[in-house]
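S.K.: Okay, handing you the structure first.
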Protein chains: 2
Amino acid sequence: MIEHQKALKAVNTYLSCLVNSDYQMIVSLYSSDATVEDPVGSDILRGSDAIKEFYEHAVTAVTEARLTGDIRVSGDEVAFPFEITADLGSGSIKIQIIDIFRFDGEGKVDSMRAFWGQSNIQK
Amino acid sequence: MIEHQKALKAVNTYLSCLVNSDYQMIVSLYSSDATVEDPVGSDILRGSDAIKEFYEHAVTAVTEARLTGDIRVSGDEVAFPFEITADLGSGSIKIQIIDIFRFDGEGKVDSMRAFWGQSNIQK
């Protein structure tokens with residue numbers, strides 16, 4: 001069981017790091033052999049190097065990130081609904097996302113799955 | 001890939017059946033060997049009989065169920081945030097939940113995971 005406060009702290013750190021482009025802090029939230037599936041249905045990334053490379057690119061466009069509802073802490077996992085604003089140069093978009101973090105015994109995220117699709121992108 | 005409209009229809013059917021206590025319709029959304037984990041971290045139920053027994057009890061207290069944000073369709077899955085109101089006799093409560101449905105090739109739900117914890121219950 002992950003404690004509510006620890007899960008909330010990880011979620012808030014994650015969202016602020018997306019905005020601040022602090023991808024190294026994001027990598028430190030994950031265990032060394034963690035998996036990232038973003039979006040769900042795409043190839044699953046595994047391990048710190050792959051995760052670092054992913055976020056190094058992913059964070060560059062994010063200008064805002066905010067929770068849009070309660071975090072749901074359940075067992076070793078947390079699900080949370082959020083919205084990011086991304087500046088693509090040609091204009092900004094908003095994306096509605098739900099992420100799932102699963103925590104290991106050390107409180108590191110060992111699995112992340114991001115749920116979003118075309119219908120969640122607003123121009 | 002599940003189509004957005006099919007996923008949305010399943011979600012809306014599910015929520016209306018919770019309110020209408022139509023547990024048999026809920027069972028029909030699932031494949032015969034589907035799994036249900038509600039809440040995440042509890043024992044996983046498998047198969048129509050176990051799922052029917054679970055919902056036969058679960059639906060009795062639900063008086064309202066509504067989406068609180070976009071459904072997120074991603075690969076073969078959909079994540080959706082919702083709120084239920086339940087009448088426990090001694091008063092009503094609201095619970096903020098995020099469910100994940102995974103669909104098989106026939107469009108049936110073959111896995112459901114429900115994320116909610118103590119902090120999501122409002123009296």
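The values are calculated or read from the model by the stated rules, or taken from the named source; none is laboratory data. Predicted, not measured: the structure shown is a model, and the values here were computed from it. Positions of Cβ are generated from backbone atoms using ideal geometry, with glycine treated the same way; all protein chains shown enter the neighbour counts. Remember, those area values only see protein heavy atoms, side chains included, never the ligands or the DNA or RNA. Shrake-Rupley method; radii C 1.70, N 1.55, O 1.52, S 1.80 Å.
S.K.: Here's a check for you: in the range B:69-99, which residue that is open to solvent by 60 Å² or more (accessible area, probe 1.4 Å) and part of a strand (DSSP E or B) is farthest from B:Lys6 (Cα to Cα)?
M.R.: Only one residue fits best here, namely B:Ser92.
S.K.: Go through (1) at negative phi; (2) away from chain A (no Cβ under 14 Å) and name the single condition B:Ser21 misses.
M.R.: (1)
S.K.: Can you tell me which residue among A:Arg102, A:Arg66, A:Arg113 is in contact with a Gly (Cβ under 9 Å, 6 or more places away or on another chain), part of a strand (DSSP E or B) and either at pLDDT 95 or above or not hydrophobic (A, V, I, L, M, F, W, C) (or both)?
M.R.: Exactly one residue qualifies, and that residue is A:Arg102.
S.K.: Restrict the check to the range B:23-32 and report whether at least one residue is surrounded by 14 or more Cβ atoms within 10 Å (Cβ to Cβ), part of a strand (DSSP E or B), of a type in the set (Ser, Thr, Tyr) and in contact (Cβ under 8 Å) with a residue 24 or more places away in the chain.
M.R.: Yes, some residue in the range B:23-32 is surrounded by 14 or more Cβ atoms within 10 Å (Cβ to Cβ), part of a strand (DSSP E or B), of a type in the set (Ser, Thr, Tyr) and in contact (Cβ under 8 Å) with a residue 24 or more places away in the chain.
S.K.: Please work out which residue is farthest from the other protein chains (Cβ to nearest Cβ), limiting yourself to the range B:44-63 and to residues that are assigned to a strand (DSSP E or B) and within 23 Å of B:Asp104 (Cβ to Cβ).
M.R.: Within the range B:44-63, the match that is farthest from the other protein chains (Cβ to nearest Cβ) is B:Arg46.
Residue-by-condition table, conditions (1) within 14 Å of chain A (Cβ to nearest Cβ); (2) within 11 Å of the chain's Cα centre (by Cα):
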residue: B:Val11; (1), (2): yes, yes
residue: B:Tyr14; (1), (2): no, yes
residue: B:Ile26; (1), (2): no, yes
residue: B:Leu29; (1), (2): no, yes
residue: B:Asp33; (1), (2): no, no
residue: B:Ser42; (1), (2): yes, no
